[in-house]
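Input: a single structure, listed below in structure tokens.
The values are calculated or read from the model by the stated rules, or taken from the named source; none is laboratory data. Note that the structure is predicted; figures quoted are calculated from it, not measured. Neighbour counts run over all protein chains shown; Cβ positions are idealised from the backbone, glycine included.
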């Protein structure tokens, strides 16, 4: 369900003269899609006609090493299958793995397109390094990402 959402956030700076370039490499980790998925929430409503399930109130989703929390998660199923097509999380979203964490006001994971969009005060951390922006779009198929909206990076080098 949440395959390849894990954010492997290897941050590095390549400096050349006065110019610096920041890159986010998201291709290093995967989700164990065979692992059981646990969903806990205060309430669940399902609309069979539209193929939408809504979990609300302290939503927790766990699969393998991945943890997702939010106030609300909407699960949209494909029209031709019973497969999940899209997840929309809102109300303060947090993704956590053993080594990384990502926070945003909302997240939209289009499983069919392979795009995860984090919006609103996005903060991505790995160890002591962090990068923030207003929006981050991740292509989970190839592990690339782009961040827009006043990007700020804090990179720890060596033993710092």
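Condition check: within 21 Å of residue 47 (Cα to Cα) and buried (at least 16 other Cβ atoms within 10 Å of the Cβ). Does residue 133 satisfy that? Explain how you work it out, then say what you get.
Numbers: within 21 Å of residue 47 (Cα to Cα): no; buried (at least 16 other Cβ atoms within 10 Å of the Cβ): yes.
No.
For region 31-41, does any single residue satisfy the condition of being outside any strand (DSSP E or B), surrounded by 15 or more Cβ atoms within 10 Å (Cβ to Cβ) and modelled with pLDDT under 85? If you could, list the steps in order and put the result at the bottom.
Narrowing region 31-41 to residues outside any strand (DSSP E or B): 31-36, 41.
Those still in the list that are surrounded by 15 or more Cβ atoms within 10 Å (Cβ to Cβ) too: 31, 41.
Okay, now just the ones that are also modelled with pLDDT under 85, so 31.
Yes, region 31-41 contains a residue that is outside any strand (DSSP E or B), surrounded by 15 or more Cβ atoms within 10 Å (Cβ to Cβ) and modelled with pLDDT under 85.
Could we say that residue 75 is within 23 Å of residue 44 (Cβ to Cβ), free of Cβ contacts under 8 Å to residues at least 60 places away in the same chain and touching a strand residue (DSSP E or B) at 6+ places or on another chain (Cβ under 7 Å) here? Working first, answer last.
Numbers: within 23 Å of residue 44 (Cβ to Cβ): yes; free of Cβ contacts under 8 Å to residues at least 60 places away in the same chain: yes; touching a strand residue (DSSP E or B) at 6+ places or on another chain (Cβ under 7 Å): yes.
Yes; evaluated as a whole, the condition is true for this residue.
Which members of region 52-92 meet the condition of being within 16 Å of residue 111 (Cα to Cα) and surrounded by fewer than 15 Cβ atoms within 10 Å (Cβ to Cβ)?
Hits for region 52-92 are 78, 79, 80, 81, 82, 83.
Pairs needed: first member in region 59-71, at positive phi and part of a loop (DSSP other than H, G, I, E, B); second member anywhere, modelled with pLDDT under 95 and surrounded by fewer than 23 Cβ atoms within 10 Å (Cβ to Cβ); C-beta distance under 7 Å; at least 6 residues apart or different chains.
Pairs found: 64/31; 64/32; 64/35.
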